[in-house]
Amino acid sequence: MIAHLRSYISAALLVLTINAFAQDFSISGRVVDADRNPIELANVIVFTEIEKTFVAGTSTDGEGFFKIDNISDDTYFIKISFIGFEDFEQIIILTGQLDLKTIQLNEIPESLDEVTIVAKRPTITRKPDRLVFNVENTALIEGNTLGVLKNTPGVIVSEGSINIKSAPATVYINNRKVQLTSEELIQLLESAPANSIKSIEVITNPPASYDADSGSVVNIIMSKNLITGYRGSIFTNYTQGVFPRYNVGTSHYFKNNKINLNVNYSYTNQKINRNQDDTVNFLDTSNAIDQVWLSHIDRNTWSETHNLNLNFDYYIDDRNTLSLTSTGLYTPYFKYQIQNNTNIFDAQQNFLSSFTADNLSRDNKYNIGSNLIFRHDFKNEANLTFDAHYTIYDYERNQSVFQDEQFIDDSEFNTLANQDTQIITGKLDYSLPIDETSTFETGIKYSNVNTDSDIERTDIINGQEVPNLDNTDAFKYDESVYAAYANYSKSWDKWDLNIGLRAEQTNIEGESVSLNETNTQDYLNWFPNASISYQISDDVKIKGNYKRSIARPSYTDLNPFTFFINENMVVLGNPNLVPTYLDHYLVGITFLEHFTFEAYYMNYDGDIVELPRQNNETNIVAFTPVNLDKKVDYGFDLAFEYSPTNRWFLYAVTSFYNVSEEANFGEGFVELNQWANYSELMNSWSLLKDRSLNLNLTLVYGSKNLQQFQIIEDRLVSELSISKSIFNKKGTISLTLGDMFNLQDYDKSIDYLNQSSRRIDDIDNRYIRLGFRYNFGNTKLNTNERTTKAEERDRLKDLN
């Protein structure tokens, strides 16, 4: 009996052993198109040879690689497919680890024009260093690019800035930094149609190939062409806020086997209103209220903007590509009017005096940036890319100010400000796939920024213009950055690893001609980064990230100019600013398929902020950039993503975080901290049988929080967008409602040491927008629209 039992056990163990060894084989490879570009998200499916029964499947990653593990030795039928390309089919005999090397998919002939792409729900993919929000062919792309960012998880579009949590985000398009001022960037994204967007990458830990001043990155990935031929579109939007505004534009795409051409143009005409109510409590030497200044400020901005974007690729041969990209922003008409009405009271609310101040500015500016890019693909699938860039930025502002004060003589003055900036960069990048699981990247870069700016003030005295030499100056700025980096990434078993190191040598010289002051800064810094993740089980994955980055002072922050809004409100530069260094740590876990929990800690050394500082002796409020001694931001995030049906996508996140800020202002040391909550709820629906009606609702709540020594009260951001396909899906009409509950305005207060004020901003963000887009040509196909800029123009600030 025992002998029989031993025989059964031995036989069972033998079978299990054979099965274990039989399940240990894998099939891997890389999928590319005819231009050797990787094809992401291609379907790879393995069937049995005869019955064609499904065995296993996967999708290719961003570099076109795939790997299917745990396949027993046998004969199979493999099929690789991607829309717009012919299927790859082959019978394989698996006797060990099988590497199919590189598999090329060929484009379907132009009869693919009859293919219909069905609208789908947005999806979220989480990687160790980033979140990928896939929006291609969803309802979200029927609006503008800024609207997509507003609906992207983790991205906060606030007044004049784009943030990830509390930190400003650097915006890239197709892995190239957008080189515009914050104001111009918002204009560009708001006027650019979103129909060519494939995905939005929210990168909280950028690899070493990104510039060291890219602490957190929003990378907009555009779709690629699937076929030769021509397609185009025209669009228009009408927006009714406080005042009407509109934009129109057109896009054109052409591709054949040698060239790929994309041209986009848009024109925007708008008038934006912002009302502001200020209360400044000027204090005496014992910090008791001496005077209360109540101001109502009405701001209006009129502008006309032309955007032109050109992308041209020339395929020299199978391994060499030459590209030219150029982006132009021209604003021939920009008028900025500030009307200030201030009443002054004593501590007992007795009226003392009043004044009005009218400020009228007219700007003329243009910004043109071009890249020349050469890429060579080696036979071992490595590639070498050279990118040369040149930007010219010209800005002029004429300002007239008239201040009428009760019981005091009136004052009137004019200023003329000019800024001429040129940026030159060159970089060389090399990428080497070591094997199917690992890649090594390295590169070098040089960039130079040279700017000349000046400001002249003339006072109007008895009707005559008198030069004011005390407030006239010229500033020359020269910045050179030398950089080199190395990055290594590897995926094996259940692990994903990415480590990198970047070095940057910075040389800066700023010279104030009139003041005879020169500021020089030279420093070498090292910037490490690391990301690692481990798949514990099918629905549990843990990760950890670390990133060190830098934020350099902007050119105008270092400029010692005094720019007068009126006689009692000025904007100052600070030539003594030093860079900010940020250390960012994050750990997280994804569990139960739909949940993600993350904890983070961000330490800022010398954070650069612009603070409104009141002088209680002169009654002047000066907006001044300073370095804080310390800033710490830490918190916990819980995210939930789920599709209740195949027509409904739901995303929710809540974040509890604490911000603390410390600074010594000379008259005393200040330390403030505040716990806050950020919560977002997004719903996306596809309705009707053909999914031609799409709705998207986004709600974002921000509780009381601390920003730059100011307490910001609760806000609720809301947006509802509806789109409907018409004309056999060649046309789309859209309707968008913004700030539906009128709870999106800002209420800020300052209360520390001898600073006491409050500001309420009624910004022009409550609107209704109607849009129409019509596609022609190969309307069923995707495009490869790219917008390429270079590197440093995001730190160009207007003098306002």
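The values are calculated or read from the model by the stated rules, or taken from the named source; none is laboratory data. Just so we're clear, the structure is a prediction, and the values are computed from it rather than from any experiment. Neighbour counts are summed over all protein chains in view; Cβ atoms, including those assigned to glycine, are modelled from backbone coordinates with ideal geometry. Calculation scope for accessible area: heavy atoms of the full protein, side chains included, ligands and nucleic acids excluded. Shrake-Rupley method; radii C 1.70, N 1.55, O 1.52, S 1.80 Å.
A few comments on the model shown:
- Helix 2-22 axis, angle to the chain major axis (alpha carbon atoms, nearest 10°): 50
- The relative contact order of region 289-412, computed from alpha carbon pairs under 8 Å that lie at least 6 residues apart in sequence, is 24 percent.
- Karplus-derived 3J(HN,Hα), 6.51/-1.76/1.60, for each residue of region 544-560, Hz, glycine and proline x: x, 9, 9, 8, 10, 9, 10, 10, 7, x, 6, 4, 6, 5, 7, 6, x
- Counting only the Cα atoms, region 21-101 fills a convex hull of 85 Å³ per residue.
- Note that region 316-322 has calculated 3J(HN,Hα) couplings of 4, 7, 5, 10, 10, 9, 10 Hz, one per residue in order, obtained from phi through the Karplus relation 6.51 cos²θ - 1.76 cosθ + 1.60 (θ = phi - 60°); glycine and proline are x.
- Cα-based convex hull, the chain, per residue volume (Å³, whole number): 186
- Reachable aspartates and glutamates, given that their alpha-carbon falls under 14 Å from the alpha-carbon of Lys724 and they are not under 8 places away in the same chain: Glu142, Asp690
- Sites excluded, chymotrypsin sites (Phe, Trp or Tyr not before Pro) in DSSP loops with at most 11 other C-beta within 10 Å, longest stretch of the chain: 1-406
- Restricting region 323-422 to trypsin sites (Lys or Arg not before Pro) that sit in a DSSP loop and have at most 11 other Cβ atoms within 10 Å of their own Cβ leaves Lys379.
- Partner aspartates and glutamates whose Cα lies under 12 Å from the Cα of Lys101, excluding those fewer than 8 positions away in the same chain, are identified as Glu381, Asp435, Glu436.
- When the chain is described by a simple charge dipole with +1 on each Lys and Arg Cβ and -1 on each Asp and Glu Cβ, the residue from Pro244, Asn468, Thr325 located farthest towards its positive end is Thr325.
- Computed in the context of the full set of protein chains, the accessible area of the chain at 1.4 Å probe radius has 56% of its extent on carbon or sulfur.
- Stretch in the chain that is longest and holds no GluC sites (Glu not before Pro) that DSSP places in a loop and that have at most 11 other beta carbons within 10 Å: 52-592
- Violating pairs (Cα-Cα greater than 26 angstrom) within the set Lys67/Lys445; Lys127/Lys150; Lys445/Lys476; Lys198/Lys258: Lys67/Lys445
- Cα-based helix-to-principal-axis angle, 182-191 vs the chain, degrees rounded to 10: 50
- Take every pair of alpha-carbon atoms less than 8 Å apart whose residues are at least six positions apart; their mean separation over the length of the chain yields a relative contact order of 11 percent.
- Counting all C-alpha pairs of region 314-419, share separated by more than 23 Å (%): 61
- Size descriptors for region 484-625: radius of gyration and Dmax over Cα atoms are 22.3, 68 Å.
- Relative to its residue count, region 443-504 spans a Cα convex hull of 135 Å³ per residue.
- Working note: Karplus 6.51/-1.76/1.60 with θ = phi - 60° gives region 370-386 the couplings 9, 10, 10, 10, 10, 10, 10, 9, 7, 5, 8, 6, 6, 9, 10, 10, 10 Hz, where Gly and Pro are set to x.
- Along each principal axis, Cα extent of region 398-506, largest first, Å: 81, 28, 18
- For region 315-366, the Cα gyration tensor yields ellipsoid semi-axes of 57, 15, 4 Å (square root of five times each eigenvalue, largest first, whole Å).
- What separates the Cα centres of region 251-321 and region 75-97 is a distance of 48 Å.
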